[in-house]
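No lab work stands behind these numbers, since they all come straight from the coordinates. The model shown is predicted, which means the values in this text are computed figures rather than measured ones. Every residue, glycine among them, receives a Cβ derived from its backbone with ideal geometry; neighbour counts consider all protein chains shown.
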Amino acid sequence: MMRDLQFPLFGFPVTVQPFFWLLAVLLGASNLGPIENMPVWMANLAVLVAAVLVAVLVHELGHALTFRHLYGVPSIITVHTFGGVTVPLRQPKRSYSFAGTCGQVFLAFSGPLAGFILAAALMYVLTILPEPQQLPAELMLNLLKWTAMLSIFWGIFNLLPIYPMDGGHIAREFLTYLFPYRGVRFSLILSMTCAALLAVLALRLNTFFMVFFFAYFAYMNYQELSGRGR
């Protein structure tokens, strides 16, 4: 039975759950194309899984560093089936003023921002590296390239206004500031609608994992909205 992988990263405890590896392998294998050379294909699969892990960790590290330096709160990082989550060990103090709202928005945006910064740095490195002549150099180049691409994708994807993703947090913060008594409800309606529409789009595109992903979040938001009543 697989166990959690645990290690510290810049002073933050990190846990990687077993189902992350399973899903990363399945998605990676489905995107690598047909097997022409098994050893090379397996090596590229391992590199792609590593790129997914790095992209998710850097994203969550952005949140963790913001908790530490903006709010003075320690946090832990968990990488799970659907990505990752950074959880503060105690709730940070916040105000509901415009400045407090901006702080919460930055906290949510700091994950995608960390990924975008990493991607920009890696793309610069890729422009100055020579063409690979041997397999190890090619694998390293693939690691840099795939990490940059995944960091951009993961950041943009997380900015969709679907709770509990980063974009959902940002939408909730702004709507709560504008409509203090109805903002959370409005954000749930927005989140549920976007998730449902994207689930339908994913169904039309035959990307069934994304159908499940968006349908699950649409249902979660519907449940929370129903629990809040009117």
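Could you run the Debye sum over the Cα atoms of segment 161-230, one equal point scatterer each and no solvent, and tell me log10 of I(q)/I(0) at q = 0.12, 0.19 Å⁻¹, two decimals?
-0.31, -0.68
For PHE20, what is the net charge nearby, where nearby means another residue's Cβ is under 13 Å from its Cβ and Lys, Arg count +1, Asp, Glu -1?
-1
Taking springs between alpha-carbon atoms closer than 10 angstrom, which of ALA215, ALA108, ALA171 fluctuates most in the Gaussian network model of the chain?
Judging by the Gaussian network model, the answer is ALA215.
Pull out the extension gain between PHE82 and ARG68, defined as 0.36 nm times the separation in residues minus the alpha carbon to alpha carbon distance; nm, one decimal. Don't skip to the end; give the middle numbers.
Working: separation 14, 0.36 × 14 = 5.04 nm, distance 2.41 nm.
Contour length minus the Cα-Cα distance gives 2.6 nm.
Which whole number in µm²/s is D for segment 16-168 by Stokes-Einstein, with the Kirkwood Rh taken over Cα pairs at 4 °C and 1.567 mPa s? Before the final figure, lay out each step's value.
Details: Rh = 16.8 Å.
Approximately 77 µm²/s, per Stokes-Einstein.
If each residue of separation counts as 0.36 nm, what is the full-extension length gain between PHE7 and PHE179 once their alpha-carbon separation is subtracted? Don't skip to the answer; put the middle values down first.
Working: separation 172, 0.36 × 172 = 61.92 nm, distance 4.17 nm.
Gain in length upon complete extension: 57.7 nm.
If packing is taken as the average number of other Cβ atoms within 10 Å across a peptide's residues, how do 75-82, 110-117, 135-142, 147-154 rank, most packed first? Each step should come with its number before you reach the end.
On the way: 75-82: 18.1, 110-117: 22.4, 135-142: 14.4, 147-154: 20.6.
Sorting 75-82, 110-117, 135-142, 147-154 by mean packing, highest first, produces 110-117, 147-154, 75-82, 135-142.
Cα axis of helix 98-128 to longest principal axis of the chain: angle in degrees, 0 to 90, nearest 10?
Tilt of helix 98-128: around 10 degrees.
Subtracting the Cα-Cα distance from 0.36 nm times the residue separation, let me have the gained length for LEU203 to GLN91 in nm, one decimal. List each step's numbers first, then the result.
Values: separation 112, 0.36 × 112 = 40.32 nm, distance 3.84 nm.
So the extension gain works out to 36.5 nm.
Quick check: the angle from helix 166-178's long axis to the longest principal axis of the chain, C-alpha only, nearest 10 degrees?
Orientation of helix 166-178: about 20 degrees from the principal axis.
Over segment 1-48, one equal point on each Cα, no solvent: what is log10 I(q)/I(0) by the Debye formula at q = 0.30 Å⁻¹?
Treating every Cα as an identical point scatterer, log10 I(q)/I(0) equals -1.03.
For segment 102-230, what are Rg and Dmax over the alpha carbons, in angstrom?
Every Cα atom of segment 102-230 included, Rg and Dmax give 18.8, 64 Å.
To the nearest 10 degrees, how steep is helix 183-204 against the longest Cα principal axis of the chain, on a 0 to 90 scale?
With rounding to tens, the tilt is 40 degrees.
Defining a contact as two alpha carbons under 8 Å apart and six or more residues distant in sequence, what relative contact order in percent does segment 87-230 show? Let's see the in-between values first.
Working: 144 pairs, mean separation 28.4, N = 144.
With pairs under 8 Å counted, the relative contact order is 20 percent.
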